[in-house]
1. May I have the convex hull volume per residue, in Å³, for the Cα set of the stretch B:102-158?
2. I need to check one value: relative contact order of the stretch A:602-730, counting alpha carbon pairs closer than 8 Å and at least 6 residues apart, in percent.
3. Let me know the mean shielding of A:582-589 by other chains, meaning the per-residue number of their Cβ atoms within 10 Å of its Cβ.
4. Of the listed peptides A:410-417, A:307-314, A:481-488, B:81-88, what is their order by residue-averaged count of other C-beta atoms within 10 Å, with the highest listed first?
5. With θ set to phi - 60° and the Karplus curve 6.51 cos²θ - 1.76 cosθ + 1.60, what are the ³J(HN,Hα) couplings of the stretch A:126-131 in order, to the nearest whole Hz, using x for Gly and Pro?
6. Across the stretch B:100-116, in residue order, what do the Karplus-derived ³J(HN,Hα) couplings come to in whole Hz, using 6.51 cos²θ - 1.76 cosθ + 1.60 with θ = phi - 60° and x for Gly and Pro?
7. Can you list residues whose amide H is under 5 Å from A:Val119's amide H, if they're 5+ apart or on another chain and H is modeled 1.01 Å from N?
8. Taking neighbour Cβ counts within 10 Å as the exposure measure, how do A:Glu519, A:Glu725, A:Glu611 sort from fewest upward?
Amino acid sequence: MTRTRRPLLKLGIVLLVLAAVGVAFLDARITGTFSDKMWALPAKVYARPLELFLGAPLRPEELAYELELLGYAPARQALQPGQYARDGARFAIHARGFDFPGDSEPARRIRLTIAQDRVATLADERAAIDLMRLDPLQIGGIYPGHGEDRILLRLEEVPDTLIGGLLAVEDRRFFRHWGFSPFGMARALVSNLRSGRVVAGGSTITQQLVKNYYLTPERTISRKLTELVMAVLLELHYDKEAILESYLNEVYLGQEGPRAIHGFALAAQHYFQMPLEQLGLHQQALLVGMIKGPSLYNPLRHPQRATERRNLVLDEMVEAGVIPREAGMVARAMPLGVSRRERVRDAFPAFLDLVRRQLDEEYRQEDLTTLGLSIFTTFDPLLQRQLERSSRQVMDGLGLDAALETASVVTRVDSGEVVALLGGRQPRYAGFNRALDARRPAGSLFKPAVYLTALAESSRYTLATPLDDTHLSVALPNGTVWEPRNFDRKYHGEVLLHRALAQSHNVATARLGLDLGIERVVSTLRELGVTVDLPSVPALTLGAGEYSPLIMARMYQTIAAGGFRMPLRSIRDIVDARGEPLRRYPLAFDRTLDLRVVHLLHYALRGVVREGTGRGVYAQLPQDFDVAGKTGTTNDNRDSWFAGFSGDLLAVTWIGRDDNGSTGLTGSNGALRVWADFMAASARRPLAYRMPDGIRLHWVDAQSGLLSAEGCPGARLLPFIEGSEPVQKSPCTGSSSPVRDWFQKLFGEG
Amino acid sequence: MLDCQYLSAAQRTAALLIVACLAACSGLGEQRESPAGISTPGGEVLGSKQPDSSAGEATPRPAAPPRLDPAEGSARNTLLASAVQARTAGDSAGAIALLERAQRIDPDNAELYLELARTHLDAGNAAQARATAERGLLYCRREECAALRALIERAIRAPART
């Protein structure tokens, strides 16, 4: 065995080869990732923008709330975008502007006044405006597991003073070095040796970028070496501007719960509610100063420390000639200027949950967390606030029973847009979303399906057809016997069809459903948009099965829209990171039911709230405001339901217990009260559909249902599908003693 | 100052090694904060300040506005005019988006239903055109109703698109 000659040389060669391989590997890693797509851009979820136009229904206090949510700062004069001044019902707003799908809304100063809860005047600095939109509220985002969030910026959008300040503080030789700065390192070395510990770092912007983007935060020699090599490689491949832009996008500037604030564009939004371009010098300096320690210098938590740090940055900027001394003085005298609004992000977990489920059906998780999509939803923060208020008020009024839960869904009748959603009594906490996931029997909320099925057969059934509400017993295939009972434990004999629904008689409804055939009731429920499993048993007529408030909202949406089935929409548009429309969810519906039949059902459902189990709604609504609805109560008072609609809004409310225990409530004294409280504050249009062609009004005897005449005792006016009116006449043929009921008053007759 | 453009790879490597030593001696860079790790999901909580519904405002009551409100008419008409323009230019998606916005402003306006139905029909979507016009019948008055009925007839006769 011979001794190896020149062992050091050989070892050196081996090491060199290894180093070369290592460098090549790092080089591939850099060139493979450093591009536009290097950032994961979480999807942003927006509420509907508030439309401002002459005549827009809006209370001054609602506009103020919307502006507060949007982080507009109250000021004596609205000088900067994001400020507003209010004097009672007069507002001056400097709107921020926003790029909507399709068109963009410019930033501009507007003035508007509100009178009688409507926008009375609206103008910008030059002239009156027809309509405009405020920027939409971001209600959430869809973040990747590591929680990184950012808004991508381009170097052109960054104020020169911010870049100047950044380089003055972090890396003065940035445009002259090649990735690392021996000068800076030497300076750091001297100060570290002097103090005997690590007090300064000589990292360049390039090194910081490499460290943040590619490396883990440990401090080891090998990691530092890798950082150096990569920094040089980065400089070899890319120009200074690209590196600077990436740095400005990457830098970590704070934390909000699980969400990490990255990049200057998002930081500007996060701390100041402003786009980066609009930041003042004092705000730019604060952000630059925060790089050193985002939580140490957090302006919200440590305003004093943050101010000192900011002023230090301003001094450096003056010293480096980035800004004139006077400008530095002025900026030093400014307050921090951070926005202290209530954080609304993820404050509406139940609605976001609904949006997520729709997205998950169509998009991969990875796309949602990386592609920078903007998701424009139908969510209305003003209606949501009212829904939460009404629910809280009524639930608190029901006693100190914390286990009593509630859930509601609110939609727009005309579009099927879900505008508000309540998943439980604690609306801020993501948890069991009862609006979507509760599975409860529907009780009498299903009855309209039975009556629709009957009324569709106009030769057999009209609103005036007497139904049999006497003892009923049905032998079931499993050998048991089903005997439905009325809520009042009584039988009512012969009851006219419209009255049986208004009074919610169980026995008459069950018999009617059995006469029609359960399969036909099932098929009507399908036409109404109930797509979940339906048990084909006689008890289906009284709501047997398991349904969520959202499913009930789908069913009642079809009824409220006049017999048009439409998907409940929570998303209007999705736009990609460049602002290009990706997907629209247009209004779409199909007519599944005869308009005339639905009109008759509307009559009966209006009867529910005028003279039936839902009368309580008029304790809150004005008498002349027409609505329709249905109460629902299940066995042993386990569930209290109310579903109903005005001309513009549909709301379904449920109250019950997660353990399925008794609530002691009926639909009338539980859910109805939430519904009525909400509608009294939010509904703006009464139910006012035109009477469809082919409907005729006739006087019938309210007891027998036989044809009568105006002025006869006990006569009432009912709508009939042409030709289906009763032929048999009651003894009276008419006189003149007009007693107008709610229906005639609505028709303006008599 | 050295200019990296004119440096060979070998020179760079040498320089790197020198600098690496410097770096090692100068401490390992200052400690900067890093993003917090993943924590349990949970929303940001709104301030505990709850708006007091009784604070100063009168109990809001829904007021039935007159059927035709001239004020909201101008906003609606602006959008309607743009939508007609978009439709005639062949941009039915744009027209539909404008009409939906107009409908949110003035939801029970039969004219908007008519134009929406027309746009669907022009785009070859006869079924949606028909359903839209039929829904418009719930809001129409006089000549609007006649126009909607005529459009329904046209939609029924329109050849089915494959």
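1. Details: hull volume 3.4 nm³, N = 57.
Hull volume over Cα atoms, normalised by residue count, gives 60 Å³.
2. 19 percent
3. Details: counts 0, 0, 4, 0, 8, 9, 6, 5.
Mean partner shielding for this stretch: 4.
4. On the way: A:410-417: 25.5, A:307-314: 21.1, A:481-488: 14.0, B:81-88: 17.0.
Put in order of decreasing packing, that is A:410-417, A:307-314, B:81-88, A:481-488.
5. 9, 8, 5, 10, 5, 7
6. 5, 5, 4, 5, 5, 6, 9, x, 10, 9, 5, 4, 5, 4, 4, 5, 5
7. A:Gly55, A:Ala56, A:Leu58
8. Result, fewest neighbours first: A:Glu519, A:Glu611, A:Glu725.
A short reminder: the numbers here are calculations on the coordinates, not readings from a lab. Not measured: the values here are computed from a predicted model. Every residue, glycine as well, gets a Cβ built from its backbone with ideal geometry; the counts of neighbours run over all protein chains shown.
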